[in-house]
């Protein structure tokens, strides 16, 4: 099982990495919020251990970004003991909260409890958008037919760029739900780009051109004006 630990305290990172590795977990570490999001996208951890007071992006922003595309359990490990901090983290999408300093055995028990919630068989689904099949695990997109296609015609592979993959995966994992512009921008490019909505328009246009039967009249990748985007018509 993969665990991502994000904390700006190198001693805690070192201690937790040694402890969890010894328990058989595969551990990834991040020193700040921006690194945490990048590691989340690269490694798709099964469980997250996040500090709140990190540079670049704080823990709340990281939780919100992760929840834009993943439902993996999040355990906040923080020196903030106030009730308001706990409520804010849990409302943002965290699953549990432990206060520093903590007993290692308690931390391990909470990780075991969260690990029982992890869905092992549906983390990388194969889905369809009309005549297009998207395999998240294999990173493959295949157009299997469509209007005007001849019977028995060979399926056509469609190439997505790494950023397009990140974008469509966020939408797929939130199919039918509004995903805000801020969530997408923060998840892919970081908090310093939360106002760069031109990025979104560019990539939405490219994805529609590749995935929609009629890009000028999309039926799957829909814009919610002034808010964000929604993916409709997804089937498994």
Does residue 49 count as more than 22 Å from residue 185 (Cβ to Cβ) and touching a residue at least 24 places away in the same chain (Cβ under 8 Å)?
yes
Sole exception among (1) surrounded by 21 or more Cβ atoms within 10 Å (Cβ to Cβ); (2) in contact (Cβ under 8 Å) with a residue 60 or more places away in the chain for residue 1, by number:
(1)
Scan region 158-171 residue by residue and report those that are at pLDDT below 90, farther than 17 Å from residue 220 by Cα and out of contact with any helix residue (DSSP H, G or I) (no Cβ under 7 Å at 6 or more places or on another chain).
161, 162
Region 49-66: number of residues that are touching a strand residue (DSSP E or B) at 6+ places or on another chain (Cβ under 9 Å), farther than 8 Å from residue 32 by Cα and crowded, with 22+ Cβ neighbours inside 10 Å:
8
Since residue 188 meets every condition but one in (1) surrounded by fewer than 16 Cβ atoms within 10 Å (Cβ to Cβ); (2) part of a helix (DSSP H, G or I), which condition does it not meet?
(1)
Among (1) more than 30 Å from residue 54 (Cβ to Cβ); (2) in a helix (DSSP H, G or I); (3) in contact with a strand residue (DSSP E or B) (Cβ under 6 Å, 6 or more places away or on another chain), where does residue 171 come up short?
(1)
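Just to be sure, is residue 72 buried (at least 16 other Cβ atoms within 10 Å of the Cβ), in contact with a helix residue (DSSP H, G or I) (Cβ under 6 Å, 6 or more places away or on another chain) and within 26 Å of residue 181 (Cβ to Cβ)?
no
The values are calculated or read from the model by the stated rules, or taken from the named source; none is laboratory data. Treat the numbers as computed from the prediction; the structure is a model and nothing was measured. Counting neighbours? That spans all protein chains shown, and the Cβs are built from the backbone with ideal geometry, glycine included.
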